[in-house]
Amino acid sequence: MEEKQKNKRKWLIVLLLLLALGGIGAYFLTREAPKPVSMISGDFLPDNKDAKEISDAELKKMAQQKVDHSKFNMVIAPEATFETGDKAGELIIQNPAHNAYPVNVEITRNDTGDLIYTSGAIQPGYEVKEAKLEEKLSKGDYPATAKFSLYDDKTKEKKGEVAAKITIHVKN
């Protein structure tokens with residue numbers, strides 16, 4: 001009888017081993033394969049997501065816009081005429097609409113350096129046709145320099161200057 005119990009124990013152990021092996025096999029057959037997890041660290045550049053290369057046409061367009069913003073055409077009549085030195089006279093200054101910046105024009109006498117006229121801001125597309133001098137001038141011709149100062153309309157920072165010669169004529 002002892003032999004029968006030994007055989008039962010052996011078969012019970014074999015059965016338990018088979019059940020354990022079957023359970024382990026079933027686990028490996030039914031489990032999902034691990035999925036890789038992507039991690040982005042602040043120390044590494046992530047892969048490209050939405051960015052696309054700028055086309056040659058777009059690069060040319062951007063370059064042209066920079067050139068357009070850097071161009072400036074000044075328009076001022078070479079002579080300004082005033083009937084008397086203390087009244088408004090004909091002084092033609094234009095800031096063409098295609099210019100990128102507003103301007104301020106200051107006219108100074110070449111002989112004394114005195115400031116005789118300041119326009120204030122002239123926006124692109126605006127003009128001055130008539131003005132009064134800030135200094136009363138007697139009859140005569142006055143060689144002068146008109147300095148155009150260009151300003152960024154948003155930041156109000158000066159972007160550059162150009163100058164032109166002008167003659168102020170006072171008739172009486």
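Listing for the model above:
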| item | result |
| --- | --- |
| Among the candidates D114, D141, D56, D86, residue that is acidic (D, E) and modelled with pLDDT under 90 | D56 |
| Residues being within 17 Å of H169 (Cα to Cα), open to solvent by 50 Å² or more (accessible area, probe 1.4 Å), touching a residue at least 12 places away in the same chain (Cβ under 8 Å) and polar (S, T, N, Q) - total across the stretch 95-136 | 1 |
| The one condition in (1) more than 23 Å from I168 (Cβ to Cβ); (2) among the basic types (K, R); (3) open to solvent by less than 80 Å² (accessible area, probe 1.4 Å) that K61 fails to fulfil | (3) |
| The stretch 102-116, subset closer than 14 Å to A163 by Cβ and in a strand (DSSP E or B), residue nearest to the chain's Cα centre (by Cα) | V103 |
| Among residues of the stretch 93-118, those that are touching a strand residue (DSSP E or B) at 6+ places or on another chain (Cβ under 6 Å), over 27 Å from Q65 (Cβ atoms) and not basic (K, R), counted | 8 |
| Breaking point among (1) over 21 Å from K158 (Cα atoms); (2) under 38 Å from the mean Cα position of the chain (by Cα); (3) not β-branched (V, I, T), for Q94 | (1) |
| Test for E135: is it over 33 Å from the mean Cα position of the chain (by Cα), in a loop (DSSP other than H, G, I, E, B) and on the phi < 0 side of the Ramachandran plot | yes |
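The values are calculated or read from the model by the stated rules, or taken from the named source; none is laboratory data. Here the structure is a predicted model, which means the values were calculated and not measured. Ideal geometry is used to build each Cβ from the backbone, glycine not excepted, and the neighbour counts take in all protein chains shown. SASA here: full protein model, heavy atoms, side chains in, ligands and nucleic acids out. Shrake-Rupley method; radii C 1.70, N 1.55, O 1.52, S 1.80 Å.
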